[in-house]
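Novice: Pasting in a structure now, in structure tokens, and then I'll have a few things to ask.
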Amino acid sequence: MRLIVPLRGVIQGRGGLFVGSLIPCCLFYFLQLYLKGRRPPPSDPTELPRTSSRSNLFSRGNSIGRVRVSSRALPVAKPSDSPYYIGLERVKTDPYDRITNTDGIIQLGLAESTLCFDLLQRWMSENLMDSIMQSDAGEFDISNIAMYKPFEGLLELRVAFADFMSRIMGGKVSFDPSNMVITAGGTPAIEVLAFCLADHGNAFLIPTPYYPGFERDIKFRTGVELIPVHCRSSDNFTVTVSALEQAFNQARKRGSKVSGILFSNPSNPVGNILSRETLHDILKFAQEKNIHVISDEIFADSVYGDKEFVSMAEVAYSEEFDKSRVHIIYALSKDLSIPGFRAGVIYSFHEDVVNAAKKLMRFTSVSVPVRRILISLLSDVRFIEEYMTAHRQRIRDKHIRFVEGLKQLGIPCAVSGGGLYCWVDMSSLLTSYSEKGELELFEKLLTVAKINATPGTACYCIEPGWFRCCFTALADEDIPVIMDRIRQLC
Amino acid sequence: MGLPLMIERSSNNNNNNNNVVELSRVAVSDTHGEDSPYFAGWKAYDENPYDETHNPSGVIQMGLAENQVSFDLLETYLEKKNPEGSMWGSKGAPGFRENALFQDYHGLKTFRQAMASFMEQIRGGKARFDPDRIVLTAGATAANELLTFILADPNDALLVPTPYYPGFDRDLRWRTGVKIVPIHCDSSNNFQITPEALESAYQTARDANIRVRGVLITNPSNPLGATVQKKVLEDLLDFCVRKNIHLVSDEIYSGSVFHASEFTSVAEIVENIDDVSVKERVHIVYSLSKDLGLPGFRVGTIYSYNDNVVRTARRMSSFTLVSSQTQHMLASMLSDVEFTEKYIRINRERLRRRYETIVEGLKKAGIECLKGNAGLFCWMNLGFLLEKKTKDGELQLWDVILKELKLNISPGTSCHCSEFGWFRVCFANMSENTLEIALKRIHEFMDRRRKF
């Protein structure tokens, strides 16, 4: 990414080849230095404290080397230089509160929804105790929740998830519980899948802009690379086969082995819903190159537009495709607003992948009491239907208000139909149409307008000026406050 | 080692591409170990499980180290003492909001404080635990794997004393690509680790051009069911300092030591050391699965004296978080000092009595066990029954015990024991009656053998 970004000036065709490449380069590096300077200084690794141990065995003084961690661990603990994480950290220092801290930073950088908490809370207070404590015999028997259960989830749990997923996807596709593995959240789901489909050093193609968290989820431990496939606003950031071809060929020239394509649908951060045709094209491309397709459908129920959501599972059933290359990720963190519960799904048409993933669940299994809550919750069809209707309606309403508010300021958004955010074009507020300009605006939004929105750079977007704004944790009265603050920057 | 799945001709594909899509080495490798006898016995049990009433001649599971002896104490607590509080945490139902959204990899402060307090109690206050050094993982399995990712690179090695828990072959090696080099221990000194054995293992690794990153022990030991002596711990730490490597102590059975005074945690040794360069190589793994009998809850922890490891482990724990609901449920219980003190005391006592029952019963049948003082199992010596003191000889005997006596016990070879004829026998995952039945079957077997 750092190589691609300075070349943006060239691609945009502004200022000529020399100026277009050199100036953004310099500014980019100066900005990186500036951001680096804001980090706390690393502790001096050579300094050893004075020894005062009692035992002679350990009184080695300065002759002991400092023990090291593995080279793959080294980058993990470093403070992140991604604006995605920087923004989240800044909010923690001064979080907005409607009553107690009206000058605080408003969080628009976290894709969370609190819109239907009232419904969930009511369900929990009525059902939580029973779902955990009760057994078939009616009495509390701790062995029901205390003992080892299959790490990948008993059939009952997988059936509940399969039914739920089918329901939220409009009943147009059914999920076979035996193709399913239950994980402790969406994050481990994507990592386990990466471990199963690609070796260390292989790569996934990924359309940009993409969810910043994928960088960690995929790269931290698997050693799999992410190769961006650039999408443009002219296509509403929808991936094209020609872009996929180009990225695949470039990877091959560089000697990178591409194992699969990873994308989210509804997409994050843009929020567009991929059409059946696009899904078909992606699968056809994957078939030609003999690679995997991973569809992250974590926002499947958070749809509010007129476009219907189509799961990759549905497209996979069409006969011409070898289904075994299709894998789907899901989790309850977004649609059901319960990220704290830690429950996700790997759904794969490949038997060996399911078997390997099952065995890997010992490292990331859902706690048994939580499983019981989920079985109860997901099987409560009446509640789920009520929830789905309210959830979609409330996101829709909030989306309309938010986008309308921005429109009043002359700020447009990308066309979207799903997700908990919108993809906002703030290029008109940039002092310079460049990554530097975008990061300056990001900083101004944080310090002057006191709003945390995720800049496109953090999502590897190739066009500057785009910001992801999450609106599903906002009350209606927060929106005018936000718009007033943004107005200050116009 | 596993190779990528070779391309097969598929008759299903009717287009011009006959290739089946490839999977990773991790996916096709057999490092998960589920084809070993350790797991084969479980399969036999699953197919014909013993039940006191419905299937009294079924296979008795003595290969699973689960603690069910103190369930009644937990049940009573969860049901009567504070059920609402357990569900929601101290705020009652409004706590749901925080519960649902909370996915911070730092973990709930109250829960970490409760874990720290519980770990201190187990060690009789001989060591202090700082809640901010506690990193939560979904079980000790995840904790051990996570630590391995952090301390070692692919093709590096951890030294592990034999015999060891069969699961380590999978947990420490599978996704991490790290190797295990065994530290050979034998019965001449009750399988304690010697400085010579340590040096020898280290040298073996060096000779094979493998970089050693640390030593990993279980204390109390699985499968030995015995605590590691204080002197041995000090020697271990000294060795790790000299070689500049890490020391990981998996203390998952620390609360299952029959007499508290007989357990020395590596935390006690480190407590008296101020030198950071010594301390920061020490890491402890713990979990509620064995001592508290709650394996289903998936609660494990890494406790590290190394700031960098704590920070790194926290971030990596995103892949294996403990649900906030579970943290809430357990926080109040573990902070209830009156309850935990009583639980720990009674649990130890019951385990001790079980141990004595089984060891006495085996003795009467003419079978000796290693002198143990902890854990949910005993280390039984059937070497004298082997026709041939080889791996095959041992596995033959294991098979006879499984098929004839219908007892699933774990053979020493699956624990990489260098002496043949040892078996791990679990006693805490069944009722006292079932234990008696198991002992009876062994008696009868030994009687039959004596007649020939």
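Novice: Using only atoms on other chains, find how many Cβ atoms lie within 10 Å of each Cβ of peptide B:147-155 and report the average.
Specialist: Details: counts 1, 1, 7, 8, 5, 5, 5, 5, 0.
Mean partner-chain Cβ count within 10 Å for B:147-155: 4.
Novice: Between B:GLN68 and A:GLN408, take the C-beta separation as r, use R0 = 45 Å, and let me know the FRET efficiency to the nearest 0.05.
Specialist: The formula returns an efficiency of 0.10 here.
Novice: Also, I was wondering about something else. On a full-extension model of 0.36 nm per residue, what is the gain between A:ASN236 and A:GLU126, subtracting their alpha-carbon distance, rounded to one decimal in nm?
Specialist: 35.2 nm
Novice: Around A:THR472, with a cut-off of 10 angstrom between Cβ atoms, what is the net charge of the other residues, counting Lys and Arg +1 and Asp and Glu -1?
Specialist: +2
Novice: Can you tell me the alpha carbon radius of gyration of segment A:139-382 divided by the globular rule-of-thumb value 2.2 N^0.38 Å? The partial results should precede the final answer.
Specialist: Details: Rg = 17.7 Å, N = 244, 2.2 N^0.38 = 17.8 Å.
Normalised Cα radius of gyration, segment A:139-382: 1.00.
Novice: Continuing with the same structure: With only alpha-carbon pairs counted, each pair once and no self-pairs, how large is the Kirkwood hydrodynamic radius of the protein assembly as shown in angstroms?
Specialist: In the protein assembly as shown this quantity evaluates to 29.6 Å.
Novice: How much space per residue, in cubic angstrom, does the convex hull of the C-alpha atoms of chain B take up?
Specialist: 189 Å³
Novice: Along the Cα-to-C-beta direction of B:LEU395, a point sits 7 Å from the Cα; which residues of segment B:417-445 have their amide N less than 20 Å from that point?
Specialist: Backbone N within reach: B:417-425.
Novice: Something else about it: Let me confirm one metric for peptide A:353-362, namely the mean number of other chain beta-carbon atoms within 10 Å of its residues' beta-carbons.
Specialist: Working: counts 4, 0, 3, 8, 1, 1, 7, 7, 1, 11.
Mean inter-chain Cβ contacts per residue within 10 Å come to 4.
Novice: How much FRET efficiency would the formula 1/(1 + (r/R0)^6) give for A:SER256 and A:GLU319, where r is the Cβ-Cβ distance and R0 is 30 Å, rounded to 0.05? Walk me through the numbers before you get to the answer.
Specialist: On the way: r = 32 Å, r/R0 = 1.06.
The formula returns an efficiency of 0.40 here.
Novice: Can you give me the three principal axis dimensions of segment A:402-450 from its C-alpha atoms, in Å, biggest first?
Specialist: 30, 21, 20
Novice: Specify which residue in the list B:ALA438, B:ASN408, B:GLY366 is farthest towards the positive end of the charge dipole of chain B, using unit charges on the beta carbon of Lys, Arg (+1) and Asp, Glu (-1), about the Cα centre.
Specialist: So the residue we want is B:GLY366.
Novice: A follow-up question, please. What is the average number of partner chain Cβ atoms found within 10 Å of a Cβ in A:333-340? Please report the intermediate quantities before stating the final value.
Specialist: On the way: counts 3, 0, 0, 1, 3, 8, 7, 17.
That average works out to 5.
Novice: Could you name the aspartates and glutamates whose alpha carbon sits less than 15 Å from that of B:LYS230, not counting residues in the same chain fewer than 8 places away?
Specialist: Reachable aspartates and glutamates: B:ASP238, B:GLU251, B:GLU262, B:GLU268, B:GLU271.
Novice: My understanding is that a pair violates if its Cα-Cα distance is over 21 Å; which of A:LYS359/B:LYS43; B:LYS371/B:LYS391; B:LYS363/B:LYS403 do that in this structure?
Specialist: B:LYS371/B:LYS391; B:LYS363/B:LYS403
Novice: Figure the gain on full extension for B:LYS451 and B:LYS403 (residue separation times 0.36 nm, minus the Cα-Cα span) and round it to one decimal in nm. It would help to have the intermediate numbers written out before the result.
Specialist: Details: separation 48, 0.36 × 48 = 17.28 nm, distance 2.02 nm.
That pair, B:LYS451 and B:LYS403, stretches by 15.3 nm at full extension.
Novice: Under 19 Å from the Cα of A:LYS219, which aspartates and glutamates turn up, not counting those fewer than eight places away in the same chain?
Specialist: A:ASP81, A:GLU191, A:ASP199, A:ASP296, B:GLU145, B:ASP153
Novice: I need the GluC sites (Glu not before Pro) found in segment B:361-422, filtered to DSSP loop residues with at most 10 other beta carbons within 10 Å of theirs.
Specialist: Those that pass, being in a loop and sparsely packed, are B:GLU387.
Novice: In addition: Please state the Cα pair-distance histogram of chain A with 20 angstrom bins from zero: what percent is in each bin?
Specialist: Here the calculated profile for chain A is 21, 53, 24, 2.
Novice: Charges at C-beta only: +1 for Lys and Arg, -1 for Asp and Glu. How large is the resulting dipole of chain A about its Cα centre, in Debye rounded to 20?
Specialist: Dipole of chain A, to the nearest 20 debye: 2120 debye.
Novice: Let me ask something else about it. What does the charge add up to near A:LEU205, with Lys and Arg as +1, Asp and Glu as -1, over the other residues with Cβ less than 12 Å from its Cβ?
Specialist: That works out to +1.
Novice: What net charge do the residues around A:GLU245 carry, taking every other residue with its C-beta under 13 Å from that of A:GLU245, with Lys and Arg at +1 and Asp and Glu at -1?
Specialist: +2
Novice: Which whole DSSP H helices in chain A pass both tests: a Cα extent of 27 Å or more along the axis and a mean Kyte-Doolittle value no lower than -0.5?
Specialist: TM-like helix candidates: A:16-37.
Novice: Stretched out fully, how many nm does the piece from A:ASP306 to A:ALA475 gain, at 0.36 nm a residue minus the Cα gap?
Specialist: 58.5 nm
Novice: A follow-up question, please. Exposure proxy check: A:PHE467, B:PHE191 ranked by fewest other beta carbons within 10 Å?
Specialist: B:PHE191, A:PHE467
Novice: Something else now. Over segment B:162-267, with a single point scatterer placed on each C-alpha, what log10 of the ratio I(q)/I(0) does the Debye formula yield at q = 0.13 1/Å?
Specialist: Debye output, listed in q order: -0.48.
Novice: On each of the three principal axes of the Cα atoms of segment A:396-486, give max minus min coordinate, whole Å, ordered largest first.
Specialist: Principal-axis extents of the Cα atoms in segment A:396-486, largest first: 34, 27, 21 Å.
Novice: What list do you get for A:MET361, B:MET329 if you sort them by fewest beta carbons within 10 Å?
Specialist: A:MET361, B:MET329
Novice: Sort B:HIS184, B:HIS283 so that the residue with the fewest other Cβ atoms within 10 Å of its own Cβ comes first and the one with the most comes last.
Specialist: Ordered by Cβ neighbours within 10 Å, fewest first: B:HIS184, B:HIS283.
Novice: In addition: When only alpha-carbon atoms count, how far does segment A:153-276 stretch along each of its three principal axes, as whole angstroms with the largest first?
Specialist: The Cα atoms of segment A:153-276 stretch 47, 34, 21 Å along their principal axes.
Novice: Can you give me the C-alpha center-to-center distance between segment B:103-182 and segment B:383-445, rounded to a whole angstrom?
Specialist: Cα centroid of segment B:103-182 versus Cα centroid of segment B:383-445: 30 Å apart.
Throughout, read-outs are computed from the coordinates displayed, never taken from laboratory work. What you see is a predicted model, and the numbers here were worked out from it, not measured in a lab. Using ideal geometry, Cβ is built from the backbone for each residue, glycine included, and neighbour counts are taken over all protein chains shown.
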